[in-house]
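Take a look at the structure below.
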Amino acid sequence: MTETARESVADSPEHVRRGVVTEQPITQTLERNYLPYMMSVIVSRAIPEIDGLKPSHRRILYTMYKMGLLRGNRTKSANVVGQTMKLNPHGDQAIYETMVRMTRGNGALNCPWIDSKGNMGRFYSRDMQFAAPRYTEVKLEKICEELFRSIDSQTVPFVPNYDNTMEEPLLLPCTFPSILANSNQGIAVGMASNIAPFNLEEICQATMAWLHDPGVDLLEYMPAPDFPGGCKIVQDESVLRQIYRSGTGTLRLRAVYEVSKTDSRIIITAIPYTSTVESIIDDLTNLFKKGQIKEVTDVRDETDLRGMRISIDVKRGTDCDQLMQQLYRQSGLENTFACNFNILINGTPRRLGVTQIIGEWVNFRRVCLRNEIGFKLGEAQERLHILNGLALVLLDIDRAIAVIRNTEKEADVIPALCDAFGIDNRQAEYIAEIKLRNLNREYLLRRTSDREEVEKRIRELQEYLADTQELDKLIIADLERIIKDYPQPRLSELIQPEEAKPISAEELIPDFNLRLFLTEQGYLKKIALTSLRNYGELKMKEGDQIIQDLEATNRSEIILLSTKRVAYKISASQLPDHRPSDWGEYLGNLLELEEDEEIVFMHAPSEDYGGSLVFAYADGRVSRVLVKAYETKQNRRRLLNSCGGSATVLGGVYLEEGEEKDLFILSKQGKILVFDSALIPTMQSRANQGIRVFRTGKNDRLLKIRSVAGGRLEDPDYYRVRTLPSVGRYAKEESLIERLQELQEVATAR
């Protein structure tokens, strides 16, 4: 089958009915099926146009305008929803939800278009649901006069609705840049729009400044967006200039709070536009349960009909400002608004900066004014044309009466007047419709004297059409009137970046000195030094004992080395605080160790990862690695092959930079060997094999490595060797022999 024949078969209804499967290139399927859908979503649903409205918004507002709700009383929302369905081919619930967001009661818009009565929910709460449409009432806000001004003067084109029974406006002739007055979000196919709202007065001032000088710095007139609810905005000039220039950039928004010192409370009075009360409560509750905000004792949602309010109870003596800095970082009390100013311009989606949007709106408004003036000019010219015909008749009114009286048929009256006075049909129709009582000289003179005013009006209108500056004067006059008639105080407070400097994750961690204890059975205890000083004895599980202890701080990073040559990295702050009487945290669960894997060494590196680590292996080898080798750019929790070879790791010793120590190793058969750490070459790679230090005989293996200074050797020189490898000497200290028996039992268990 040829490609053309295949296409014709695929398009035929009979083919569809038979259920025949026809192969078709995916590109052709996408072009025919998906592309129209994609364009429909972009152009007719999700992306706002230069009047600041999506089609669904515009249809609701226009329906209410035609229902007389601009000046009339409120009507039930269900009534509006039903009428809107004549223009909007969507379900009643979708229409109602769209309408709710435009109401003053919902509070989502700086310039709400709809005055409401009843429960419309709140934009900052997902749980405060709006009431059903049969319970709420709506009408248009007074500011909607600016959306519909002169709409009946052919200012904007009209198009048929979805079933060709009515007409609806393609755009609304708004007299101010409403596209910037309200937040507008939409997700289309392959693109999205997220427009930040600005203050109405600032928008008008900036637009007037742009009309005088298109190169003006708009930041002088519009310092930043202005969000409903009144959150704080971090006034980062570089970000704002990017938004004004390109339409993209991320704003940082912060909650507003006040401190009640009398009852130790922080009261949140405004939250970021992109957060909800419930999400913030959840964040704070989770932080409280995890013990990350120990200063907080309770969190309550006190939001009611008077407005948004979250109460945070804190312990006495808490630095509330410092606590809020922590909460800003860890909860929705600080959030972001990602600007993405995608707008439809003449049916084409474009990403525009604020400056470009104002320029496009001015062009749009000029077109509206030209259309309006052209409409009024046509009316005036028609009026003048009629008056000119009336003036001709005025010269001989008796003759006009005679012509009408002497005409036999009604249909011949108009042609007779045209022939008698040299006028056209429109003029003759007007004259023929004049009432008999008006055929007096006073009436006719008054009408003909209007010609001068009409001619003057025509000249004025023609001047407006010929001079763009005259149109701009009309735009400025409208903007000045809007500032006067619709005053709007700024809601969002601006703060400098220095005031909102993000607190680092490390700064959120309480810093105090502590000691870590690693036990033979795999427990790790973190105890503050203050607790150790006030407590005499450390308790451990029966049969357990400490194999290493380490001083660190709560902000220290801890490296834990396992017998499987895996290095685990955790922060000391991740470990729970222990009392001396606690057993500690079982590392097998904390690090998810394998069944036969144990932790045998730990180290808290300095900030510069200085020094080196000496590791001993069961097969008699010892390696030395720079601590720097364990520094990673990514926050990696698990480092494989952190030591060389395949033998079991027994433990390690830390050496500061430039430091050398006497080390000793102990074998399973009780042999000891003391050597200078300088004999072990320092390597940069974690996976280096090291050198053989101990010649292990049959059934022998190394059990431990320690520094001589921290060990139990009474006569280190007795075991000292000058060259490596060596066989070592049998232990002669009774304490070591006892310890050897314990280690042998542990080794057998392994």
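Here are the numbers for the structure shown:
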{"quantity": "Filtered GluC sites (Glu not before Pro), segment 124-187: DSSP coil and at most 16 other beta carbons within 10 Å", "calculated": "none"}
{"quantity": "Percent RCO, i.e. relative contact order, over segment 513-749, from Cα pairs under 8 Å lying at least 6 residues apart", "calculated": "17"}
{"quantity": "Ranked packing of 176-185, 106-115, most packed first, by mean Cβ within 10 Å", "calculated": "176-185, 106-115"}
{"quantity": "Residues residue 248 and residue 506, FRET efficiency given R0 of 35 Å [Cβ-Cβ distance, rounded to 0.05]", "calculated": "0.70"}
{"quantity": "Gyration tensor (alpha-carbon) shape descriptor, segment 392-436, a/c threshold 1.5", "calculated": "rounded"}
{"quantity": "Members of 66/376; 569/633; 294/501; 294/315; 86/376 lying beyond 20 Å, as alpha-carbon distances in this model show", "calculated": "66/376; 294/501; 86/376"}
{"quantity": "Highest to lowest packing among 547-557, 620-630, scored as the average C-beta count within 10 Å", "calculated": "620-630, 547-557"}
{"quantity": "Charge dipole (the chain, unit charges on Cβ, about Cα centre) - positive-most of 731, 123, 140", "calculated": "731"}
{"quantity": "Segment 358-485: C-alpha gyration tensor shape, a/c 1.5 cut-off, then a/b vs b/c", "calculated": "prolate"}
{"quantity": "Identified option (computed Rg/Rh (Cα atoms, Kirkwood Rh); candidates [x] 1.38; [y] 1.23; [z] 1.13)", "calculated": "[y]"}
{"quantity": "Relative packing of peptides 404-413, 243-252 - highest average C-beta neighbours within 10 Å first", "calculated": "243-252, 404-413"}
{"quantity": "Prolate/oblate/rounded label for segment 256-332 (Cα gyration tensor, a/c 1.5)", "calculated": "oblate"}
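FYI, it's all coordinate maths here, none of it is from the lab. Everything numeric in this text was worked out from a predicted model, so none of it was measured. Note that each Cβ is placed from the backbone with ideal geometry, even for glycine, and that neighbours are counted across all protein chains shown.
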